[in-house]
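To start, the structure itself, in structure tokens.
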Amino acid sequence: MGSASRKKGSAIRNLLQLEGMSRTALERLLDDAFRFKRDVMRKSGKKVGALRGKAVVNLFFEASTRTRTSFELAGKYLGADVVNFQEQGSSVEKGETLYDTAETIQAMGVDLLVVRHSTSGVPDRLQRYLQIPVVNAGDGSHEHPTQGLLDMMTVLERTSTLDNVKLVIVGDILHSRVARSDLWGFVAMGAHVTLVAPPMWLADGLSQSGVELTSDLSHAIQDADVLQVLRIQKERQAMDGMPSLEEYRARWGITTEVAKRLRENVIILHPGPQNRGVEIDSEVIARTRTRILDQVENGVSVRMAVLTRLMGDNHERE
Ligand code: CP
């Protein structure tokens, strides 16, 4: 798992980022996820029991539907007890710090924390102080590693390899943690990645071997095998010279007209939630080439794989 997650002589402890993960480590997790989907979810009535006696807390300081629910289901399918921490009504409202909150939960005998926070680096900082594994469920604009994994799994279901697959990611690249996890994961797996955004949202720092940055959507999508359409964060409107929603849709939106110019077998992804009629049209979402609900489904298997690897008896040791 991510380099920051390893401690010498101990089991792999955390999943903080896909950056720095080896292809072998990614493939191992993806193989586990496929196994859960094929052999367990469909054959064993969703009850596995591998994590019976374990306790997981979802510590979410940002809204979520897919990630929090699928971590909860994944833990429960594996037999763990899962608690969703709610910031509202907690002692955070009385001024308790993030670290004190996490340490308090750890003291209750919890075995793993799943953390989402609006500030980049929070899961990493917490794991430095805690003795239990931490899984990053999305931190600021840094990474969303389980999203990257489920995106790779969804494509692999169609292509069987990511070698030389052409992935185009369009949207708010500068602020997108999904873009970063996809980028690091897909590149490690042999894919070619193109990042498309309005000029003020292109993150120059991401320019590296195998990654192209452009604002020219029409050119980028010509030979795309996979198109990942990012959510436009409306809260950023008018903050940094962002075009209006209408202008964004006209130049970077995946409209019905734009979709006609995509390759026949293109796989269209969206991490959700979607702004229909802004970054993607409803008509495009409804097409069979769109794998958005496959992404959601695969999120459960991926999170089962991650939880098992971090807490199960057979987790990898260095
Ligand atoms: N893709 C994703 O992170 O969605 P949620 O915010 O609903 O969890």
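Derivation of every value follows stated rules applied to the coordinates shown; laboratory data play no part. The shown structure was predicted, so the numbers you read here are calculated from the model rather than taken from an experiment. Because the Cβ atoms are built from the backbone with ideal geometry, glycine has one as well, and the counts that use them run over all protein chains shown.
Here are some notes:
- Gained length - Glu212 relative to Arg289, 0.36 nm times residue gap less alpha-carbon distance: 25.3 nm
- Amide H partners (placed H, <5 Å) of Ile268, local residues excluded: Leu227, Thr290, Arg291
- Within the stretch 114-261, DSSP assigns beta bridges of which about 5% are antiparallel (rounded to the nearest 5).
- In terms of other Cβ atoms within 10 Å, Arg13, Arg35 run from fewest to most in the order Arg35, Arg13.
- Of Leu16, Leu126, Leu269, the one that fluctuates the most in a GNM where the chain has Cα springs shorter than 10 Å: Leu126
- Listed by Cβ neighbour count within 10 Å, with the fewest neighbours leading, Arg231, Arg303, Arg68 appear as Arg231, Arg68, Arg303.
- Separation of alpha-carbon centers, the stretch 242-318 and the stretch 137-166, rounded to whole Å: 10
- A straight line joining the Cα centroids of the stretch 64-80 and the stretch 92-136 runs 18 Å.
- Residue among Gln147, Gln88, Gln233 with the largest mean-square fluctuation in a Gaussian network model of the chain, springs linking Cα atoms under 10 Å: Gln88
- Taking 7 Å steps out from each Cα toward its Cβ at Asn265 and Asp100 produces label points 5.8 nm apart.
- For the stretch 186-229 versus the stretch 32-62, the gap between their alpha-carbon centres in whole angstrom: 33
- Under a 5 Å amide H cut-off, with hydrogens placed 1.01 Å from N, Gly140 pairs with His117, Ser118, Thr119, Ser120 among residues at least 5 apart or on other chains.
- Over 28 Å between alpha carbons, listed pairs Lys47/Lys166; Lys234/Lys260; Lys166/Lys260; Lys43/Lys76: Lys47/Lys166
- Between Ala63 and Ser22, the simple spin-label model (points 7 angstrom out along Cα→Cβ) gives 4.1 nm.
- Simple spin-label estimate for Met108 and Ser91 gives 1.1 nm between the two label positions (7 Å along the Cα-to-Cβ direction from each Cα).
- For the chain, a Gaussian network of Cα nodes joined below 10 Å ranks Asp32, Asp204, Asp172 by mean-square fluctuation, and the top entry is Asp204.
- Gain on full stretching of the segment that runs from Asn84 to Thr255 - 0.36 nm per residue minus C-alpha separation: 57.9 nm
- Beta bridge orientation in the chain: antiparallel %, DSSP, nearest 5: 5
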